[in-house]
Amino acid sequence: MRGPSTVAQPIQHYIGGRFVDSAKQFANINPVNGTVVNQVCEASADEVDQAVRAAKAALQGDWGRCSPALRADWLEKLAAGIEQRFEEFVQAEVQDTGRTVRQARTLDVPRAIANFRFFANLVRQAHTECFETVAADGSKALNYTVRKPLGVVVAISPWNLPILLFSWKVAPALALGNAVVSKPSEETPSSAFLLAQVAHDVGFPAGAFNVLQGFGGDSAGQAMISHPDIDAVTFTGASATGARIMKTVADGVKDVSFELGGKNAAIVFEDADFEAAVDGVVKSTFTNSGQVCLCSERVLVQRPIFERFVAALKARTEALVLGRSDDPDTDIGPMISAKHQAKVVSYFELARQEGATVVTGGEVPVFGDDRDQGFWVRPTIWTGLPDDARCLREEVFGPVCHVAPFDTEEEAVARANDSEYGLATVVWTENLSRAHRVSPQMRSGLVWVNTWYLRDLRTPFGGVRRSGIGREGGRNSLDFYSEVTNICIKV
């Protein structure tokens, strides 16, 4: 059946060009006040199989015969479709996450549009290699490469930046000619469902893009990654989940690309622009209520400015407004769920047990209205913990940071790198030589200097160690989402 023009009751799957209901459903909860937004279909193993079979059929049909230029045109149509329904996507993001309307309008939805357009342009301009070879006997050969789709790609995206990260996976997979079987997080199903509606409305080739709703674990997600007819998995989420996926697909030697957790460091040197650094750390710690894998949970500040920095960071943090999504003054929204709120709150107690000084926060706010039924926590700053404290080793994924002093550049580098994770590092310094000297020493996939969350999509993105495997973005997306065959012809 055809889905309605807005987020529906219930939110459906999109399989083989059709909207599909499930007998089993679950509630989509608004994290601002704990109310039920709508019901969501939960995919069964049979529906997963239907989606994979539809994807395989698409590769054998019209979608598989599309040229790169035609695939780029289809991506442009998806981008235009999101633009036409821009405010619906904003509302979907806001109701599922509790984030501000301002963020959804200026970051999440615009970046989704940009992702489709970027990968459309990338595939139009992509080229392969060609070499003329002269052998020892003087004979010649022409060696060239051809790029082909991997096949059926499973794309599983997280709840923290729903449409942004969903499109970041779907767009390059489609651009390279794959058929996609995707699953958004069960916490944030709405914007992926809207994208399926856009695809349906523009006449996207049936089966090339499939959306399944449901859970991971022993549910839809597990059925997707264990299906014998998939060819690759791209996943963003928790490190432990990534490890389980790797074990599942290992026997089939499936391609994987994972962007996983982070316990990121920010290093503030005494020569930094003080005000810019304070503002930057507030942004890199508390954006999206700290629910960004790139957020700074460990802040290292050079000792001569440490006390001043902590005082300024405290003042800026306490000025942040916890409020409703449509309030233009709101800075901080809720945690995504009651379960995640409980996790973050558990670290408040653990930090006290481990000897932290609570500079500010460390509690659940009381509003005296319906928000008290939501999943809020107060933005929190700690000091005084040793580097081996669990609160400094484990990813909290909430609006928290620990600030510690350091003395030398060498100490800062060593302590920033002392982590099982390696996703992103932020360096604040006005010393150009130091910036170039310190940045390459960071054991992380991305280093920012005097900024945060600024990226050129042509550059590779990903983490090291427990923060992930593989790189996406730019040419790296061409490499991951396609297989390359070398052809050698004697001439």
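The values are calculated or read from the model by the stated rules, or taken from the named source; none is laboratory data. Every value quoted in this text rests on a predicted model; they were computed, and no experiment measured them. Every residue, glycine among them, receives a Cβ derived from its backbone with ideal geometry; neighbour counts consider all protein chains shown. Please note that ligands, DNA and RNA were not included when accessible areas were found on the heavy atoms of the full protein model with its side chains. Shrake-Rupley method; radii C 1.70, N 1.55, O 1.52, S 1.80 Å.
What's the number of the condition GLY214 fails, among (1) among the small types (Gly, Ala, Ser); (2) more than 17 Å from the chain's Cα centre (by Cα); (3) surrounded by fewer than 24 Cβ atoms within 10 Å (Cβ to Cβ)?
For GLY214, the failing item is (3).
What single numbered condition from (1) surrounded by 13 or more Cβ atoms within 10 Å (Cβ to Cβ); (2) under 28 Å from the mean Cα position of the chain (by Cα); (3) under 22 Å from GLU483 (Cα atoms) fails to hold for GLN125?
Of (1) surrounded by 13 or more Cβ atoms within 10 Å (Cβ to Cβ); (2) under 28 Å from the mean Cα position of the chain (by Cα); (3) under 22 Å from GLU483 (Cα atoms), only one is false for GLN125: (1).
Please pick out the residue among PHE204, PHE215 that is in a loop (DSSP other than H, G, I, E, B), of a type in the set (Phe, Trp, Tyr), in contact (Cβ under 8 Å) with a residue 40 or more places away in the chain and farther than 14 Å from ALA45 by Cβ. If you could, list the steps in order and put the result at the bottom.
On the way: PHE215 fails: farther than 14 Å from ALA45 by Cβ.
Only one candidate passes the filter, namely PHE204.
Which numbered condition trips up TRP159, out of (1) in contact with a strand residue (DSSP E or B) (Cβ under 9 Å, 6 or more places away or on another chain); (2) farther than 23 Å from THR485 by Cα?
(1)
Only one of ARG437, ARG475 is open to solvent by 10 Å² or more (accessible area, probe 1.4 Å), among the basic types (Lys, Arg) and closer than 16 Å to GLU270 by Cβ; which?
Values: ARG475 fails: closer than 16 Å to GLU270 by Cβ.
Within the list ARG437, ARG475, the selection yields ARG437.
Report yes if ARG303 is more than 21 Å from PRO31 (Cβ to Cβ), open to solvent by 10 Å² or more (accessible area, probe 1.4 Å) and either over 23 Å from the mean Cα position of the chain (by Cα) or modelled with pLDDT of 95 or more (or both), otherwise no.
On the way: more than 21 Å from PRO31 (Cβ to Cβ): yes; open to solvent by 10 Å² or more (accessible area, probe 1.4 Å): yes; either over 23 Å from the mean Cα position of the chain (by Cα) or modelled with pLDDT of 95 or more (or both): yes.
The answer is yes for ARG303.
Failed condition for PRO365, given (1) touching a Leu at 6+ places or on another chain (Cβ under 8 Å); (2) surrounded by fewer than 21 Cβ atoms within 10 Å (Cβ to Cβ); (3) part of a helix (DSSP H, G or I), with all others met?
Condition (3) is where PRO365 drops out.
Against the definition (crowded, with 16+ Cβ neighbours inside 10 Å, in contact (Cβ under 8 Å) with a residue 40 or more places away in the chain and out of contact with any helix residue (DSSP H, G or I) (no Cβ under 8 Å at 6 or more places or on another chain)), how does VAL292 come out, yes or no? Give the derivation first.
Values: crowded, with 16+ Cβ neighbours inside 10 Å: yes; in contact (Cβ under 8 Å) with a residue 40 or more places away in the chain: yes; out of contact with any helix residue (DSSP H, G or I) (no Cβ under 8 Å at 6 or more places or on another chain): yes.
When the stated conditions are applied, VAL292 passes them.
With respect to GLY355, is the statement that it is in contact with a Gly (Cβ under 7 Å, 6 or more places away or on another chain), modelled with pLDDT of 95 or more, surrounded by fewer than 19 Cβ atoms within 10 Å (Cβ to Cβ) and on the phi > 0 side of the Ramachandran plot true?
Details: in contact with a Gly (Cβ under 7 Å, 6 or more places away or on another chain): yes; modelled with pLDDT of 95 or more: yes; surrounded by fewer than 19 Cβ atoms within 10 Å (Cβ to Cβ): yes; on the phi > 0 side of the Ramachandran plot: yes.
Spelling it out, GLY355 is indeed in contact with a Gly (Cβ under 7 Å, 6 or more places away or on another chain), modelled with pLDDT of 95 or more, surrounded by fewer than 19 Cβ atoms within 10 Å (Cβ to Cβ) and on the phi > 0 side of the Ramachandran plot.
For GLU270, are the conditions met, namely being surrounded by fewer than 22 Cβ atoms within 10 Å (Cβ to Cβ) and touching a Lys or Arg at 6+ places or on another chain (Cβ under 9 Å)?
On the way: surrounded by fewer than 22 Cβ atoms within 10 Å (Cβ to Cβ): yes; touching a Lys or Arg at 6+ places or on another chain (Cβ under 9 Å): yes.
So GLU270 passes the test.
Only one residue in ASN115, ASN160 is within 24 Å of LYS77 (Cβ to Cβ) and either of a type in the set (Phe, Trp, Tyr) or buried (at least 24 other Cβ atoms within 10 Å of the Cβ) (or both), so which one is that? Reasoning before the result, please.
On the way: ASN160 fails: within 24 Å of LYS77 (Cβ to Cβ).
Unique residue meeting the criteria: ASN115.
Do the conditions hold for ALA250, that is, is it aliphatic (A, V, I, L, M), modelled with pLDDT under 90 and either in contact with a Gly (Cβ under 7 Å, 6 or more places away or on another chain) or closer than 30 Å to ARG18 by Cα (or both)? Walk me through how you get there before you give the answer.
Details: aliphatic (A, V, I, L, M): yes; modelled with pLDDT under 90: yes; either in contact with a Gly (Cβ under 7 Å, 6 or more places away or on another chain) or closer than 30 Å to ARG18 by Cα (or both): no.
In short, no.
So which residues in the range 444-469 are surrounded by fewer than 19 Cβ atoms within 10 Å (Cβ to Cβ) and within 11 Å of SER257 (Cα to Cα)?
ILE469
Quick check on SER157: is it touching a Pro at 6+ places or on another chain (Cβ under 7 Å) and under 30 Å from GLY252 (Cα atoms)? Write out each step before concluding.
On the way: touching a Pro at 6+ places or on another chain (Cβ under 7 Å): yes; under 30 Å from GLY252 (Cα atoms): yes.
Spelling it out, SER157 is indeed touching a Pro at 6+ places or on another chain (Cβ under 7 Å) and under 30 Å from GLY252 (Cα atoms).
When the range 37-59 is examined, which residues are found to be more than 16 Å from PHE209 (Cα to Cα), modelled with pLDDT of 95 or more and β-branched (Val, Ile, Thr)?
The one that is more than 16 Å from PHE209 (Cα to Cα), modelled with pLDDT of 95 or more and β-branched (Val, Ile, Thr): VAL40.
Could you list, in sequence order, all residues of the range 8-37 that are assigned to a strand (DSSP E or B) and open to solvent by 30 Å² or more (accessible area, probe 1.4 Å)?
If we filter the range 8-37 for residues that are assigned to a strand (DSSP E or B), which is where we start, we get 11, 13-15, 18-20, 25-29, 36-37.
ARG18, GLN25, ALA27, ILE29, VAL36, VAL37 - these are the residues of the range 8-37 that are assigned to a strand (DSSP E or B) and open to solvent by 30 Å² or more (accessible area, probe 1.4 Å).
Can you find a residue that is among the aliphatic types (A, V, I, L, M), over 26 Å from ASN121 (Cα atoms) and open to solvent by 30 Å² or more (accessible area, probe 1.4 Å) anywhere in the range 416-431?
Filtering the range 416-431 for residues among the aliphatic types (A, V, I, L, M) gives 416, 423-424, 426-427.
Adding the requirement that they be over 26 Å from ASN121 (Cα atoms) leaves 416, 423-424, 426-427.
Among the residues that remain, those that are also open to solvent by 30 Å² or more (accessible area, probe 1.4 Å) are: none.
Checked against the condition, which is being among the aliphatic types (A, V, I, L, M), over 26 Å from ASN121 (Cα atoms) and open to solvent by 30 Å² or more (accessible area, probe 1.4 Å), the range 416-431 yields no hits at all.
For VAL278, all conditions in the list (1) out of contact with any Leu (no Cβ under 8 Å at 6 or more places or on another chain); (2) free of Cβ contacts under 8 Å to residues at least 60 places away in the same chain; (3) in a helix (DSSP H, G or I) hold save one; what is the number of the exception?
(1)
Pull up the range 40-74, narrow it to residues that are within 18 Å of ALA126 (Cβ to Cβ) and not in a helix (DSSP H, G or I), then point me to the one that is most open to solvent (accessible area, probe 1.4 Å).
Ranking the qualifying residues of the range 40-74, first place goes to SER67.
Return the residues of the range 222-253 that are open to solvent by 50 Å² or more (accessible area, probe 1.4 Å), touching a Ser or Thr at 6+ places or on another chain (Cβ under 9 Å) and not in a helix (DSSP H, G or I); say none if nothing qualifies.
SER226
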